[in-house]
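A short worksheet on the structure shown next.
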Amino acid sequence: MNVLLLEPYLAGSHAAWARQYAACSRHRVQVLGLPGRHWKWRMHGGAVTLAGRLLAENTPVDLLLATDMLDLACFQGLTRHRYGAVPSVLYFHENQLTYPWSPRDADPDKQRDAHYAFMNFTSALAADAVMFNSHYHHDAFFDALPRFLKRFPDCRQLEEVRHIRDKSQVLPLGLDLRLLDDYREEKLNTDRGPLILWNHRWEYDKNPEAFFAALFTLADEGWPFEVAVLGESFAETPAIFQQVQQRLGQRVVHFGYARDFAEYARWLWRADILPVTSIHDFFGISVVEAMYCQTWPLLPRRLAYPEHLPAQRHDRHLYDGPQELVEGLRTLLAEPALMDGQNPRAWVEGYDWQRQAGRYDDLFQSILA
């Protein structure tokens with residue numbers, strides 16, 4: 001089967017997902033994408049550019065696999081004379097109905113934010129099947145969609161919500177987790193206390209204020225710990241990062257973006273505790289990667305995080321509110337032995353492409369049947 005994977009924003013986790021699936025699939029998967037920048041323009045113009053490229057190449061296609069960054073209805077309209085009978089699958093990495101807008105973005109205040117969510121809606125209408133990367137994402141989308149459509153003056157098409165839901169299902173991300181095994185190291189186990197890990201983007205939606213507030217409290221109380229602060233920073237990073245080294249001093253054993261994947265992976269293996277404070281995550285790749293490397297997760301009891309743990313582990317690894325986070329960290333710092341012998345890796349290793357690729361392949365084959 002010839003699968004054409006369409007990704008207007010081919011960067012970061014989107015690019016990794018696309019290329020890794022293409023490498024692991026038993027089908028012939030061609031990735032047709034654009035550089036990952038100017039996300040709003042990619043959503044507006046990416047369909048036109050990719051449609052032109054496809055028509056120029058005259059590629060054989062049995063199935064279209066598009067991500068949520070593509071205006072699928074526009075793409076299919078432009079290619080219908082050649083590919084109109086080809087089934088399409090829309091994969092939601094994120095969606096613009098429930099993704100939190102940056103406080104620096106002027107569009108919401110100027111009421112220019114609805115168009116991107118509406119493109120997600122029309123793309124889902126146009127697709128033959130719709131996939132979400134987590135149950136949380138699926139449920140959040142269908143909870144928000146009716147409210148979104150009711151914002152419009154008439155012809156709101158609310159009946160289409162059920163039609164989209166009927167052709168939707170959850171298909172978790174595939175990840176190249178086994179690559180992390182190449183860089184495995186033992187936990188540090190120093191007399192300076194457990195190593196706490198931050199391995200997310202330095203952005204508002206990861207809520208670094210709550211993360212570092214917890215660490216500042218523990219440091220002021222005299223608890224022994226170290227912290228490694230990884231992740232990509234941007235031109236405008238939350239101000240809290242400017243306080244970290246001053247407030248935590250020698251406790252900070254790494255601060256900044258890892259030189260390469262090998263360095264990143266080694267810090268994941270060295271780390272002991274992963275407290276997460278994000279206000280948004282449709283899946284949580286960095287969380288899953290750290291869990292695979294056997295860090296002890298302390299996760300909010302919301303978003304997609306509960307899906308990464310067996311139900312019987314929820315009471316030990318999920319928390320409600322900042323006070324419970326601090327209390328959970330105090331317990332682990334007071335009794336590090338609680339983490340011995342635990343294996344969070346077993347809870348997430350099923351996301352590896354070795355298992356997921358066949359699931360993707362079978363599902364896409366069934367759509368053609």
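Given a Förster distance of 22 angstrom, what is the FRET efficiency for A334 paired with F216, based on the Cβ-Cβ distance and rounded to 0.05?
Values: r = 18 Å, r/R0 = 0.82.
The computed FRET efficiency comes out at 0.75.
With runs of 4+ DSSP H residues as the only contributors, calculate the mean residue ellipticity of the chain at 222 nm using -39,500 (n - 2.57) per run, divided by the residue total and rounded to the nearest 500. If you can, show how the numbers build up before the last one.
Values: 14 runs with 157 residues, N = 369.
The helix contribution divided over the chain gives -13000 deg cm²/dmol.
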Q) How long is the gain from M1 to E232 if the chain were fully straight, where each residue apart is worth 0.36 nm and the alpha carbon distance is subtracted? A) 79.4 nm
Q. Which of A346, A304, Q246 sits closest to the plus end of the dipole of the chain, meaning its Cα is farthest towards the positive end, when Lys and Arg get +1 and Asp and Glu get -1 on the C-beta?
A. A304
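Taking 35 Å as R0, compute the FRET efficiency from the Cβ-Cβ separation of R151 and E307 and round it to 0.05. Walk me through the intermediate numbers first.
Values: r = 30 Å, r/R0 = 0.85.
The value I calculate is 0.70.
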Q.
Cα atoms only: what Rg and Dmax, in Å, come out for region 31-97?
A. 11.6, 34
Q. From Cα coordinates alone, what are the radius of gyration and Dmax values for region 190-277 in angstrom?
A. 12.3, 36
Q | Largest to smallest principal axis extent of the C-alpha atoms in region 306-366, angstrom | A | 51, 26, 16
Q) Using θ = phi - 60° and the Karplus curve 6.51 cos²θ - 1.76 cosθ + 1.60, what whole-Hz ³J(HN,Hα) does each residue of region 306-323 get, with Gly and Pro shown as x? A) x, 5, 8, 10, x, 4, 6, 9, 4, 5, 8, 10, 10, 9, 10, x, x, 5
Q: Treating only the Cβ atoms of Lys and Arg (+1) and Asp and Glu (-1) as charged, compute the dipole magnitude of region 177-350 about its Cα centre; round to the nearest 20 debye.
A: 100
Q. Tell me, how many Å apart are the Cα centres for region 1-23 and for region 164-200?
A. 20
Q: Return the FRET efficiency for the residue pair A346, R165: r is the Cβ-Cβ distance, R0 is 35 Å, and the value is rounded to the nearest 0.05.
A: 0.60
Q | Beta bridges by DSSP in region 177-350, antiparallel share as percent, to the nearest 5 | A | 0
Q: Report the charge-dipole magnitude of the chain in Debye, nearest 20, computed about the Cα centre from +1 at each Lys and Arg Cβ and -1 at each Asp and Glu Cβ.
A: 820
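Stretched out fully, how many nm does the piece from A85 to L179 gain, at 0.36 nm a residue minus the Cα gap?
Using 0.36 nm per residue and subtracting the Cα-Cα distance, I get 30.0 nm.
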Q: In Å and from the alpha-carbon atoms only, list the Rg and Dmax of region 177-350.
A: 14.8, 42
Q: Just the ratio, please: alpha-carbon radius of gyration of the chain over 2.2 N^0.38 Å, N its number of residues.
A: 1.05
Q: Calculate how many DSSP beta bridges within the chain are antiparallel, expressed in % of all such bridges and rounded to the nearest 5.
A: 0
Q: Work out the charge dipole of the chain with +1 on the Cβ of Lys and Arg and -1 on the Cβ of Asp and Glu about the Cα centre, then indicate which of F261, Y9, Y292 is farthest towards its positive end.
A: Y9
Q. Just how many pairs of Lys in the chain have C-alpha atoms closer than 28 Å, counting pairs that are eight or more places apart or on different chains?
A. 8
Q) Hey, got the dipole for region 124-184? About the Cα centre, +1 on K and R Cβ, -1 on D and E Cβ, debye to the nearest 20? A) 240
Q: Have a look at A66, G33, A47 and report the one farthest towards the positive end of the charge dipole of region 1-69, computed about the Cα centre with Cβ charges (Lys/Arg +1, Asp/Glu -1).
A: G33
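Please compute the net charge surrounding S278, taking Lys and Arg as +1 and Asp and Glu as -1 over other residues with Cβ under 9 Å from its Cβ. Intermediate results must be reported in sequence, preceding the final value.
Working: positive: K206; negative: D205, D281.
That works out to -1.
The numbers here are math on the coordinates, done by the rules we state, and not lab data. Keep in mind the model is a prediction, meaning the values are calculated, not measured. Glycine gets a Cβ as well: all are built from the backbone with ideal geometry, and neighbour counts include every protein chain shown.
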